[in-house]
Amino acid sequence: MSKHYSLCNISQVKKWLTRIALALLAAFFSTNIATAVPKSTITANLSPIPISQSPIANPQQLLQQGKEFFQAEQFSEALTVWQQAVLAYQVSGDKLNQARAYNLLSAAYQQLGKLPEAQEAIASSLSLLRSPENRGDSTNKLSIFAQALNTQGHLQLALGKPEDALTTWQEAAAIYSQIKHPEGIIGSQINQAQAMQYLGLYRQARKSLEQLETTLQNQPDSSIKATGLHSLGSIMRAIGELEKSRLLLQQSLKIAQELRSPAAISAAQFSLGNTARALAKRAAQSDDTAAKTEIQNAVNAYQEAAKSSTSPKMQVQAQLSLLSLLVENQQFAEAEELRSQIQFNQLPPSRSAIYAQVNLAQTLMKMSVVSRQSSIVSGDEKRTTDIAQILAKAVQQAKTLKDTQAESYAVGSLGRLYELNKQYKEAQNLTQHALISAQSIDASDIAYLWQWQLGRLAKNQGNRKDAIAAYTTAVETLKSLRSDLVAINPDNPDVQFSFRESVEPVYRQLVDLLLSTEVEPSQENLLQARFIIESLQLAELDNFFQEACLDAKPVQIDQVDSTAAVIYPIILPDKLAIILALPQSPLRYYAIIKPEQEIVTVLDQLQQDIGRLTGNNQQVLRLSQQLYDWIIRAAEADIKNAKVQTLVFVLDGLLRNIPMAALHDGQQYLIEKYSIALTPGLQLLPPQPLKREQLRTLAVGLSEARQGFSALPNVTRELAEIKTQPSTNQELLNQEFTSINLQTALKSFPFPVVHIATHGQFSSLAEKTFILTWDKKINVKELDNLLRRREQDESRPIELLVFSACETAAGDNRAALGLAGVAMRAGARSTLATLWQVSDESTATLMTKFYSELGKPGVTKSEALRLAQQTLLQDSRYRLPFYWAPYVLVGNWR
């Protein structure tokens, strides 16, 4: 068939989909529409599970029935029964059990997104528990009290009050300790760590988790220990500690196998599959062989989880995760075979069942998209019908259960199917309904998806104004979710989430709309585009660290430096867009209309050659001139007329791997005309210039070979030259440069300058970003702990942090993100680092000149670096960009 094949050409499928949309919308808005899909298609298996057919004689039975409904995720039914239990206990005068029923009622309200009602219910529960009639410290009362506090903590966190949640969970933990309740203690510690993460107290959260691990390891093997290790392993995966996650989950699996617990065995295998999948994604950045090994580990683990499970729910979850993994790796034949094995018949209606069906539909939609892009159209019509039936059933189940959250998720996903089918009107109606549902329960993590979807739909219908408005709302919602997003487990079996797929495109697509080639962007649109670019940089750094740890404050370039220009180049699908910010001037806009792939190819070629001494130097010059023409040429006159001395770049994507200093105008390199600096954005820029009084330096390094890394003999000379500068310094060389000695030195004095001359690597993955000391590798988070602890103790940040022998990870196209991450996270006002490792002899020469110039009055850090780079450029031994270009200054350039 033609490669232009589209589902829109299949009239029969299109009509069938339209009938479903009309029927569902009729149900939503209580309108009478004659054309409806047959009920048999969408109403199968909708009745609540028959928990009990006989009349309920007492409130204790009501509580039990409600628990069964709740565990079956039929929250609306649980709510109704527990309301009856509250009244029954009130009539009987049993205030303790009435408090217990109110607590359960609050949990049900929370699941349904009815937070005001949940607040009222938990307040009633705690009021009864604290009343004089319920005085006494019986184990039963204290247990109910602790359970109510746990429920209140979850509610406080949902209401955006993590400080209150932390205090509440600490109180619950104290009660659980008093009554010696191990499960309660473990759960409360995990809850506290979660609250600490929301508060940005990441070190305290990690310490709390480490204490929990110690507690668990000291316990004898038991089901409680297996469950605790499993929970902790899942948390470690969520915060990016993947090796630790695997170790803990393997321990949990071993105990579960010894206890012969099928449920615990399959749960551990499933989580091990998720961790292996995360490891595969990480390895894919630089090691294809390791990635393939981890993918197979994930496949094996999911298969074992499905095989060993006695729970239909777990079996389906494992199969769905395996299916999405196969589709992700384009193993379509295996995926089709597995799809035929996935059955929902044994799953009673529940939120998990609904999410499982939506998960399957999303995976099948991805399969369709990839198939069409590859012109593989066989089976696409049948798959579309299958997806529509799955989602229609999920919607009806959600409505039957009165589960607004699940309904929003299912209806919005159905809207996505219509979007892919180019039936935009139906898609828009469904998406708007999904958004209203999500907003009614304040489910912002779902709402932004539908705001984004409405933006795409408006764009596809040619309504640019509405598209920008929808995208802008989606970005604002994402910003409000900042702490939540970094806490999301990307391997959640219910909700498919990926920063690269679910967050980054929202920002990029909005910038593309604002900088449309159809009309000249207004100043308002340029200002918004600049703000969105900087917000994306912040979101990328949050995702890099899995922590929302950076403070953003909008700053105008005029407030920073009246002689600097800021250049924002961003790679979009059909162009390289450049926004230029000059002091006391409106923003300027330029665009190079080129396909994204052509831009990426040039950047790839330049990156591969410029960082190798044996690279093609003629090609380096040609491509450097090409890039100059794209980024600088159109702005050349404006920059010159503004008497600019420093060019500050906010770089996007692959541009981060290219040294802007090496751009060439045909006569000169850019560094010969301007000082150059990089920043993730003015929002993250500390505006103060360098304080020159007592410019004392802590200089540390390795000159000897260590831990498989080669010797750097000229580091000795480099550190000796630094020591000759007119300031008092401390030096740690070779055996003296240990992690403990570094920590001690940083605590001993607030050195304004910290110079680190040792092997190191910047990666797009925080766990692969490190520096080498005599005794170990210090990863980026450990280094951050050392540097920020000094800042907290002395209330004075590092003025300049220098990494003179580090490099970006080979094969990692986003590795320079690690450099920016280290620079921003360390709290240093400025960071000087290298994009690739160069001759340590030329580095020693450059660093000597840099510090010599930096000590002179009126010389900025960027100017000192420019003069040092020119020293190498003018030396015949070091004239190639390989030697002088990799040095980049990140942060404040003054």
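The values are calculated or read from the model by the stated rules, or taken from the named source; none is laboratory data. What you see is a predicted model, and the numbers here were worked out from it, not measured in a lab. Please note: Cβ atoms are built from the backbone with ideal geometry, for glycine as well, and neighbour counts cover all protein chains shown. In case anyone asks, the SASA skips ligands and DNA or RNA and just uses the protein heavy atoms, side chains included. Shrake-Rupley method; radii C 1.70, N 1.55, O 1.52, S 1.80 Å.
Does segment 255-321 come out rounded, prolate or oblate by the C-alpha gyration tensor, with a ≥ b ≥ c the root eigenvalues, rounded set by a/c under 1.5 and, if not, prolate when a/b is larger than b/c and oblate if not?
Cα axes put segment 255-321 in the prolate bin.
If you take the Cα Rg of segment 331-406 and divide it by 2.2 N^0.38 Å, with N the number of residues, what do you get?
1.18
Straight-line reach from Lys281: which lysines have a Cα under 23 Å away, not including same-chain ones fewer than 8 places off?
Leaving aside lysines fewer than 8 places away in the same chain, those within reach of Lys281 are Lys244, Lys292, Lys366, Lys768, Lys777, Lys781.
Straight-line reach only, C-alpha to C-alpha below 18 angstrom: list the lysines that Lys425 could link to, leaving out same-chain residues fewer than 8 apart.
Those lysines meeting the cut-off are Lys14, Lys15, Lys459, Lys465.
In terms of the Cα gyration tensor, with a ≥ b ≥ c the square roots of its eigenvalues, is segment 129-278 rounded because a/c is under 1.5, prolate because a/b exceeds b/c, or oblate?
oblate
Where the centre of each part is set by its Cα atoms, how far does segment 57-100 sit from segment 495-539, in angstrom?
49
For Gln341 and Ile740, compute 0.36 nm times the residue count separating them, minus their Cα-Cα distance, and round to one decimal in nm.
Difference between extended and current length: 138.1 nm.
Quick one: Cα centre-to-centre distance for segment 379-427 and segment 651-665, in angstrom?
One Cα centre to the other: 44 Å.
In straight Cα distance, which aspartates and glutamates are under 20 Å from Lys575, not counting same-chain residues fewer than 8 positions off?
Glu504, Asp512, Glu518, Glu520, Glu534, Glu596, Glu598, Asp604, Asp629, Glu636, Asp652
How much accessible surface area, in Å² rounded to 10, belongs to the heavy atoms of Thr517 with a 1.4 Å probe?
Here the accessible area works out near 80 Å².
May I ask you to derive the FRET efficiency for Gln219 and Lys643 from their Cβ-Cβ distance with R0 = 51 Å, giving the value to the nearest 0.05?
Taking R0 as 51 Å, the efficiency between Gln219 and Lys643 is 0.15.
Can you give the Kirkwood hydrodynamic radius of segment 577-618 from its Cα pairs, in Å with one decimal?
Result for segment 577-618, one decimal place: 12.9 Å.
Can you grab the distance from the C-alpha centre of segment 321-375 to the C-alpha centre of segment 186-242, Å, no decimals?
Taking the Cα centre of segment 186-242 as reference, the centre of segment 321-375 is 32 Å away.
Please report the accessible area of Lys747 (heavy atoms, 1.4 Å probe, ligands and nucleic acids excluded) in Å², nearest 10.
Spelled out: Lys747, probe radius 1.4 Å, area about 100 Å².
Would segment 113-200 count as rounded, prolate or oblate if I go by the C-alpha gyration tensor, calling it rounded below 1.5 in a/c and otherwise prolate when a/b exceeds b/c, oblate otherwise?
Oblate, since a/c reaches 1.5 and b/c is not below a/b.
Ignoring everything but the protein chains, give the 1.4 Å probe accessible area of Asp542 in square angstrom, nearest 10.
10
Which order, highest average first, do 835-845, 83-93 follow once you tally other Cβ atoms within 10 Å for each residue and take the mean per peptide?
Descending mean neighbour count gives 835-845, 83-93.
With N set to the number of residues, divide the alpha-carbon radius of gyration of segment 211-305 by 2.2 N^0.38 Å and report two decimals.
Dividing the Cα radius of gyration by 2.2 N^0.38 Å gives 1.08.
Return one whole number: the accessible area per residue of segment 67-181 in Å², for a 1.4 Å probe.
Counting only protein heavy atoms, the per-residue value for segment 67-181 is 45 Å².
Sequence gap at least 6, Cα distance under 8 Å: using those rules, report the relative contact order of segment 813-894 to the nearest whole percent.
41
Give me the one-decimal nm value for the distance between modelled label points at Asn300 and Thr139, 7 Å along each residue's Cα-to-Cβ direction.
Distance between the two pseudo-spin positions: 4.4 nm.
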